[in-house]
Each structure stands twice: as structure tokens, then as C-alpha cells.
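Notes follow the structure.
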Amino acid sequence: MAEKVKEKKAVFITVEGLEGCGKSSVIKFLEDYAKKEGIKTQVYREPGSTKIGEEIRKILLDKKEMALSAYAELLLYLAARAQLIEERLKEDLSRFDIIICDRFYDSTLVYQGYALGLGGIAEKSVELFSLGIKPDLTLFLDVDVEVGLKRIKRKDRIESRPLSFHKKLRQGFLKLSRREPSRIKVVDASGSLSDIYSQVKEILAKEKISKCI
């Protein structure tokens, strides 16, 4: 049985979005902004950030693995997340002030649950294998599907899926944001990076996270 998470100290922020939405830029902005203020910050990515997680990531994104079943895909994402939580996250939540993660369980609910049709199975699996950890704030970077995909030069296995799949992703994220409006904040990622950063800073201020970052 998994150990309990130590007393939580960090504000846990996750950044979600469609392909080509600018997640990496926003995460770098958050990290730089926090460190400039002397805030003890850690950044992760999903899947990844552990040796096992990075190996799983290679399988999941490799275009040679196009035949990977939806169930196998779900299990691999869950395995990478469980490893990250057990190996690093549950300890770091008590050691850092801010933890930023490039994707977390909302991506599983949307990519495998909604777009791949695994629904309740994905919901139950996420509940089990997130091991009680939930983000304090999630930023969903929303952009027109076709605009986002045009920003990507070399597409991986997930990015190479049909346009209909990516449209379902957007529907799924917006559905989640309506279900949990207090946690999931929608950011219009169609404009310039400076405009996106301004929206993010405004959200942090409203959520009273700006005092930590």
C-alpha cells in the first residue's frame, strides 16, 4: 500500500492544453517568475520526470507505436504518473513552495477518457492512481485546434492523430473546466505570449497565489 503524502506545503499548479497551445512557454514563464521572487520551485512533466517515466514517454510518443491499444495507453500513462508521485512528488510537496507540472490527470480524463472513449474506466483509474494528490490550480490553455496543430513542425504519435480526435480534446477540456471552475481556469492561448502571460498573472492574483509566486 502506498505511503501517505507528508504534510503538504507546496502550491501544486498543473498546466494543461491542446497540442501546440504554448504550455512549455507558460511553464517557463511561471518557473522564471517564481525563481526571480526567491520562491522554491520544482517543475515536472507528464509522462516523465523519472527514469521509468521517461522510458514510458518514449513508447507513448513514438510514431512506430501507432497500434498501441487505448487500454494499454491508459495503463502506461497511469504507470508513469504513479512512479512520479511515489518517487518524487509526494516528497517534494513538503519540500517546495511551488510545484508546476506539465500535464497531470486531467489529460488522462480528456485524452483517454473522453477522446478515446474510455469514460468511466479512465475516471476510476485516475481516482485510484493519483494516490490522493490533486492540483490546487490548473491552467487550461485554450486555442483553436487547427491553429495549435499548425504550430507543430514534427508531430509525435499523439499529435499525428486525426483532426476529429483533437477537436474532441478541446471539447473534453472545456467540459472539465465547467465541471470544476474553481480549480480549472481557461486561458485564451490564441494571442501573443505577452497576452497569455498577462492572463496567467491575473489568474494567480485572483486565486491569491501571486503572493507565493
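On the stretch given as segment 170-190, residues that are modelled with pLDDT under 95 and exposed (fewer than 13 other Cβ atoms within 10 Å of the Cβ) total 0. For segment 16-39, the condition of being free of Cβ contacts under 8 Å to residues at least 60 places away in the same chain and aliphatic (A, V, I, L, M) holds for none of the residues. Considering segment 132-169, and only residues there that are of a type in the set (A, V, I, L, M, F, W, C) and farther than 26 Å from residue 89 by Cβ, the residue that is surrounded by the fewest Cβ atoms within 10 Å (Cβ to Cβ) turns out to be 163. Condition (residue is in contact with a helix residue (DSSP H, G or I) (Cβ under 6 Å, 6 or more places away or on another chain), of a type outside the set (Val, Ile, Thr) and buried (at least 23 other Cβ atoms within 10 Å of the Cβ)) applied to segment 113-131: is it met by at least one residue? Yes, some residue in segment 113-131 is in contact with a helix residue (DSSP H, G or I) (Cβ under 6 Å, 6 or more places away or on another chain), of a type outside the set (Val, Ile, Thr) and buried (at least 23 other Cβ atoms within 10 Å of the Cβ).
The values are calculated or read from the model by the stated rules, or taken from the named source; none is laboratory data. Treat the numbers as computed from the prediction; the structure is a model and nothing was measured. Reconstructed Cβ throughout: ideal geometry from the backbone, glycine too, with neighbour counts over all protein chains shown.
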